[in-house]
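To start, the structure under review is shown below, and the notes come after it.
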Amino acid sequence: MNFLETEDVVKQYANHLALNKVSIQVPEGKIFGLLGPNGAGKTTLIRIINRITAPDSGEVRICGRPSGPDDIYQIGYLPEERGLYKKMKVGEQAIYLAQLKGLGYMEARKRLEKWFEKFDIMPWWNKKLEELSKGMQQKIQFIITVIHEPRLLIFDEPFSGFDPVNAELLKKEILELKNAGHTIIFSTHNMASVEEICENIALINTSKVVLSGNVTEIRNSFKTHNYIIRYLADKGTLQPADPLFRILEQNNQSGIIEARIHKQESLTNSELLTALAGQTEILSFSEEIPSMNDIFINTVSASNTLQS
Amino acid sequence: MSKVGLIIKREYLRRVSKKSFLLLTFLTPFLFAALVFVPLWLSTIKSEKAKQVAIIDTTGKYAPLFENDEDYVFITETEGSLEDYRNNPDKDIFAFISISDDLLTNPGAATVYSTKQIPMGLKNQINKTLSDFLRDEKLDSYNIENLKEIINESRVSFNIKTIKWEEDGSEKSTSAEVASIAGMVLTLIIYMFILMYGSMVMQGVMEEKTNRIVEVIISSVKPFQLMMGKVIGIGLVGLTQMFLWGILTSILVGVSLFFFGGGTSPEELMSGQMAVQNMSQMPAGGSELSLQVHEILNSINFAKLGICFVLFFIGGYMLYSAMFAAIGSALEQQEDAQQFMTPMILIMVFGLYAGIYSMNNPDGPLAVWGSLIPFTSPIVMMVRLPFDVPVWELILSFVLLYATAILIVWLSSKIYRVGILMYGKKPGIKEMIKWLRYK
């Protein structure tokens, strides 16, 4: 079941088309990656989902019905350009914003203290926001986004400004939120994190969705049928003229040969492995599955060439 | 607590607990009090030592006329000539009056010399002394019996009494001067407050916009709630400040009066100031004057004035701060703010000037229209209030002001809704119209 869908959303700005019939489907309880190069229209789409701005045409549906003014209360939004009151004390500010999101004072305080402990920022409770480093401010912004436990969470570039340790911490929390049943939309340029945490993606380039679906399926569909194998040189070499596969390149590193081969598409992995094992002693065998990074770059440049 | 309530509370507490607010609130009444009392106090201080003025009078007729007072001591000089003194200045002597001929026949024969600039006070004193004497001398020269007495008797000082008939037919002394001053003070205060707190609303809106905090808040509150929370919260800060100023000023004035020992009520002190200003027209006779002014001040209904002031402030503030909020939401840079505020400040300044010119004729067309048109009415009406405005005009003005304020708040909230979330591009008319309908 899809928690959120957009259908043919169009948004025209003064002299450029920000979104051109964009349709995405975000399944409930899953992490959805909204990808795309800078200026593709991701943030515009998020703003439309948040009802910050209105689409020129098209529709946003939440749980199958058109989204209305009250739906924003189910959304927690972490904008890319972070914003909090600079002169206000951290704790006071967090309680205020949590109360605005509908929590009572005591409940807000209890939940905030739990989160502050978790992120190890309790000592900053009485500091003014402007005294905090950027990473600290990000943590607070993240806490405020999730504090009222909305059904849909939208994170725009959540990892920017974090060191690896804190990025890991944040990733863990995002996965925990998913396990608790929240639906998460996740907009990023960081493809490694997409592979790790997203189940589904939509790739937007120049205002259009150019690729969408399940991450594993997408990666499989981009399979090149190339394999990397390493074998011992003194146990025999691969036959260059084998009808089942083609050797793309080989190099010998102190008795161990690493070869990149391309198999016939109809061949299964086991058949290939059997054929290889008959010729030499295999040390390792792995299929080259394209990374999201490669898919991203290929798709974007392909769609750009198509357009020009 | 409702969301608007939360926003109001935050806006209010944050501003009221600011050091600058506390400082301004508690120091300004002292400043006001100082403005009233320092001149009064200074005028009571005498110069430490009377200055010496030498009179070189060759006729001998005029020198005895000059009477010593706190500022000047006149010495009749018979020995040295003016030239001696010029060559060997005597530091102790401040000025020299040289009279070399009969002044009635030769008015140019008297001159005052000094190494310093001659103060007006001294010059006036000399002129007065000499002209009084010369006039008497001239009168004597007519040889008419009792002429001096007749002339003195014929000099009538006249100051018309102004009485206002109340509805019930009773009479009240009024004073155009007191009413004008009260009106002017109220006008300036309301102008200052609306401008100050209106632009505070704008700053707040811009802060939220440039901070992008509004994107976070927008998923919890409606833009209208956010705007109203801000407007009301800041308005309450304004009322608090006004209230504190009122109380502190009356306490300070009361305390100072106690030390001055002069009067028993602040009103009387105010009358003292008036008396200084109107010295030329009003005859002396302190107690009578003070009594008169007391009566006049009692004729002004301070409770009514206060209530009207607060109500007009609220209406005017809502009207202007909503517009300020709309402007703030449409801007992205502080630098643009001044430019966009200008038209609104112009309207307010127009109101202020209309108020000032209305003072001479508080029931004239400028005053009446100015106090009915909602954009100027809070300011202009303040001038008219002490002069007793007809009730129907007051009510009409209120209704117009509040109706317009509500309309402007509604319109502004629509602009605010679009503006506060719009970055990087100017909203077109078509876009605006679409937003008016979007919820």
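The values are calculated or read from the model by the stated rules, or taken from the named source; none is laboratory data. A quick note: this is a predicted structure, and the numbers were derived from the prediction, not measured. FYI the Cβ positions are ideal-geometry reconstructions off the backbone, even for glycines, and counts take in every protein chain you see.
From the list A:Ile256, A:Ile295, A:Ile261, pick out the single residue that is of a type outside the set (Gly, Ala, Ser) and exposed (fewer than 15 other Cβ atoms within 10 Å of the Cβ). Reasoning before the result, please.
Values: A:Ile295 fails: exposed (fewer than 15 other Cβ atoms within 10 Å of the Cβ); A:Ile261 fails: exposed (fewer than 15 other Cβ atoms within 10 Å of the Cβ).
Residue meeting the stated conditions: A:Ile256.
Of everything in segment B:333-346 that is out of contact with any Leu (no Cβ under 8 Å at 6 or more places or on another chain) and buried (at least 16 other Cβ atoms within 10 Å of the Cβ), the residue that is nearest to B:Ser199 (Cα to Cα) is B:Met341. Which one is modelled with the highest pLDDT among residues in segment A:67-86 that are charged (D, E, K, R) and assigned to a loop (DSSP other than H, G, I, E, B)? The selected residue is A:Lys86. Would you pick out the residues in segment A:284-302 that are closer than 15 Å to A:Ile201 by Cβ and not in a loop (DSSP other than H, G, I, E, B)? Across segment A:284-302, the qualifying residues are A:Met292, A:Asn293, A:Asp294, A:Ile295, A:Phe296, A:Ile297, A:Asn298, A:Thr299, A:Val300.
Only one residue in A:Leu211, A:Leu306 is out of contact with any strand residue (DSSP E or B) (no Cβ under 8 Å at 6 or more places or on another chain) and under 30 Å from A:Gly33 (Cβ atoms), so which one is that? Give the derivation first.
Working: A:Leu211 fails: out of contact with any strand residue (DSSP E or B) (no Cβ under 8 Å at 6 or more places or on another chain).
On inspection, the qualifying residue turns out to be A:Leu306.
Looking at segment B:1-101, the helices (runs of 4 or more DSSP H) lying wholly inside it that each contain 3 or more residues that are surrounded by 13 or more Cβ atoms within 10 Å (Cβ to Cβ) and within 14 Å of another protein chain (Cβ to nearest Cβ) sit at B:3-16.
Check B:Tyr191, B:Tyr197 and return the single one that is touching a Gly at 6+ places or on another chain (Cβ under 8 Å), more than 26 Å from A:Glu130 (Cα to Cα) and either among the aromatic types (Phe, Trp, Tyr) or within 14 Å of chain A (Cβ to nearest Cβ) (or both).
Step by step, each of B:Tyr191, B:Tyr197 is checked, and only B:Tyr191 is touching a Gly at 6+ places or on another chain (Cβ under 8 Å), more than 26 Å from A:Glu130 (Cα to Cα) and either among the aromatic types (Phe, Trp, Tyr) or within 14 Å of chain A (Cβ to nearest Cβ) (or both).
Residues in segment A:96-124 that are within 10 Å of chain B (Cβ to nearest Cβ) and farther than 27 Å from B:Lys209 by Cβ: A:Gly104, A:Tyr105. Scanning segment A:262-290 for residues that are within 18 Å of A:Arg219 (Cα to Cα), polar (S, T, N, Q) and in contact with a strand residue (DSSP E or B) (Cβ under 6 Å, 6 or more places away or on another chain) yields a total of 1. Check whether at least one residue in segment A:237-244 is in a loop (DSSP other than H, G, I, E, B) and within 25 Å of A:Pro79 (Cβ to Cβ), and report yes or no. No, segment A:237-244 has no match at all.
Residue-by-condition table, conditions (1) more than 13 Å from B:Leu352 (Cβ to Cβ); (2) under 25 Å from the mean Cα position of the chain (by Cα):
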residue	(1), (2)
B:Leu372	yes, yes
B:Phe375	no, yes
B:Asp388	yes, yes
B:Trp392	yes, no
B:Leu396	yes, no
B:Leu400	yes, no
B:Ala405	yes, no
B:Val409	yes, no
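Do you know which of the residues in segment A:69-95 that are more than 8 Å from chain B (Cβ to nearest Cβ) and within 24 Å of B:Lys414 (Cα to Cα) is surrounded by the fewest Cβ atoms within 10 Å (Cβ to Cβ)? Only one residue fits best here, namely A:Asp70. Restrict the check to segment A:17-28 and report whether at least one residue is at the interface with another protein chain (Cβ under 10 Å from one of its Cβ atoms), small (Gly, Ala, Ser) and touching a strand residue (DSSP E or B) at 6+ places or on another chain (Cβ under 6 Å). No - not one qualifying residue is present in segment A:17-28. Of the residues making up segment B:401-408, none is of a type in the set (Ser, Thr, Tyr) and free of Cβ contacts under 8 Å to residues at least 40 places away in the same chain.
If we only count helices (runs of 4 or more DSSP H) wholly inside segment A:87-186, which ones have 3 or more residues that are closer than 24 Å to A:Asp70 by Cβ and out of contact with any Lys or Arg (no Cβ under 6 Å at 6 or more places or on another chain)?
Numbers: elements: A:90-100, A:105-118, A:134-146, A:164-179.
Fully inside segment A:87-186 and qualifying: A:90-100, A:105-118, A:134-146.
State yes or no: is B:Ala34 farther than 30 Å from A:Gly104 by Cβ, touching a strand residue (DSSP E or B) at 6+ places or on another chain (Cβ under 7 Å) and at pLDDT below 85? So B:Ala34 does not fit the description; no.
Within segment A:192-225, which residues are of a type in the set (Asp, Glu) and either touching a residue at least 40 places away in the same chain (Cβ under 8 Å) or at positive phi (or both)? Spell out the reasoning first.
Looking only at segment A:192-225, we keep the residues that are of a type in the set (Asp, Glu), and these are A:195-196, A:199, A:217.
The answer is A:Glu195, A:Glu199.
Scanning segment A:41-66 for residues that are away from chain B (no Cβ under 11 Å), in a loop (DSSP other than H, G, I, E, B) and closer than 18 Å to A:Lys11 by Cβ yields a single hit, A:Gly41.
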